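Inspection log for the structure reproduced underneath, given as structure tokens.
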Amino acid sequence: MKNELNELATFAIVASERSFTRAAAKIGVSQSALSHTIRGLEQRLELQLLARTTKSVAPTAAGAALLKELSPALDQIARAINNARSVRHRPAGRLRIVMSWSAAVMVLLPRLTAFAEAYPDIVLDVVTVTGPVDLVAGEFDAGIQLGEYIQKDMIAVRVTKELRLAVVGSPGYFSSRNIPRKPKDLNDHRCIGLRLPGGPYRWEFEKGRKTVTVGVNGPLIIDDTHLVIQAALAGAGLGLAFEEQVAEYIAKRRLIRVLEDWTPPIPGFFMYYPSRQHQPAALSALTNALRLSQP
């Protein structure tokens, strides 16, 4: 099919130029190669498409009829190719992006208004999920994920500073319970579980060279840290969320943070995508807008 399209496009150029010499110069091939291409096309179609003399070239009746049908299709193909190429240079079109709800709130939404005003021709089609996603299989242009979950063959661009997790509970919850001083004390508390694709998340802690993992138990397992926070505010139990998400609640004493010295920084969120080559201008624009500015 590719060879046939090339041959037909070549025929259209020769017919338009009415000269093998001018057509060869326009295409950038030799006259002999051009003649060979036209002869091959005529042999396959079993039609003479061009009448040739030593002084002139003109379409035959069959060639003119073919050209009449062919020209609109070739023009449409050329427009389609130009439109496709424009994606590389003009920030426009639809980008399919996958991320967690937390990433959407913490990374995308704070920068969305400025991005939308700067690039009105870009549409962000955002899908929220929990856990890692195969971008290629899911037909996504990019994703935003915690650094530790991104595959090594992906291009990753930092979009947040390092983050810290925070264990929190409401004043009402602690009114009749002791404050946990070390991770194993969580076994005596109701904890709100966070579900990941592989199952409930086992809470991980670190202090100096000591690491502890706790399989917490409680009345609720949910799949988003924002819901965990709401459950903790309601007094359902202790919750685990990003420090940034609960800072205001802690400042207002609506939540009490515990085990702070056991929660070291984690890598934070990164935007990731499969390749740097031939990157659409829209994706480059989004990457630059979300990229963490270096101090």
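Only one of THR213, THR225 is among the β-branched types (Val, Ile, Thr), under 33 Å from the mean Cα position of the chain (by Cα) and under 19 Å from THR130 (Cα atoms). Can you tell me which? Step by step, each of THR213, THR225 is checked, and only THR225 is among the β-branched types (Val, Ile, Thr), under 33 Å from the mean Cα position of the chain (by Cα) and under 19 Å from THR130 (Cα atoms).
Has the stretch 123-138 got any residue that is assigned to a loop (DSSP other than H, G, I, E, B), more than 19 Å from the chain's Cα centre (by Cα) and at negative phi? Looking for residues that are assigned to a loop (DSSP other than H, G, I, E, B), more than 19 Å from the chain's Cα centre (by Cα) and at negative phi, one finds none in the stretch 123-138, hence no. A Cβ distance below 7 Å, combined with a sequence gap of six or more or placement on separate chains, defines the contacts here; from the stretch 31-50, residues that are over 14 Å from ALA9 (Cα atoms) and open to solvent by 40 Å² or more (accessible area, probe 1.4 Å) reach residues that are among the hydroxyl-bearing types (Ser, Thr, Tyr) and not in a helix (DSSP H, G or I) in the pairs GLN48/THR60.
Does the stretch 2-17 contain any residue that is farther than 22 Å from ALA65 by Cβ and modelled with pLDDT of 80 or more? No; the residues of the stretch 2-17 include none that is farther than 22 Å from ALA65 by Cβ and modelled with pLDDT of 80 or more.
GLY268 meets all of the listed conditions (1) closer than 19 Å to LEU108 by Cβ; (2) open to solvent by 30 Å² or more (accessible area, probe 1.4 Å) but one, namely (2).
Criterion first (of a type in the set (Gly, Ala, Ser), farther than 30 Å from GLU7 by Cβ and part of a helix (DSSP H, G or I)) does ALA64 satisfy it? So ALA64 fails the test. Look at (1) in contact with a helix residue (DSSP H, G or I) (Cβ under 9 Å, 6 or more places away or on another chain); (2) of a type in the set (Gly, Ala, Ser); (3) at pLDDT below 95; (4) surrounded by 16 or more Cβ atoms within 10 Å (Cβ to Cβ) and you find that GLY131 fails only one, number (4).
Regarding the stretch 207-224, can at least one residue be identified that is in a loop (DSSP other than H, G, I, E, B), surrounded by fewer than 16 Cβ atoms within 10 Å (Cβ to Cβ) and of a type in the set (D, E, K, R)? So far as the stretch 207-224 goes, yes, one or more of its residues are in a loop (DSSP other than H, G, I, E, B), surrounded by fewer than 16 Cβ atoms within 10 Å (Cβ to Cβ) and of a type in the set (D, E, K, R).
The values are calculated or read from the model by the stated rules, or taken from the named source; none is laboratory data. This one's a predicted model, so the numbers in the text were calculated from it and none came from an experiment. Backbone-built Cβ (ideal geometry, glycine too); neighbour counts: all protein chains shown. Surface accessibility is based on the protein's heavy atoms, side chains included, excluding ligands, DNA and RNA. Shrake-Rupley method; radii C 1.70, N 1.55, O 1.52, S 1.80 Å.
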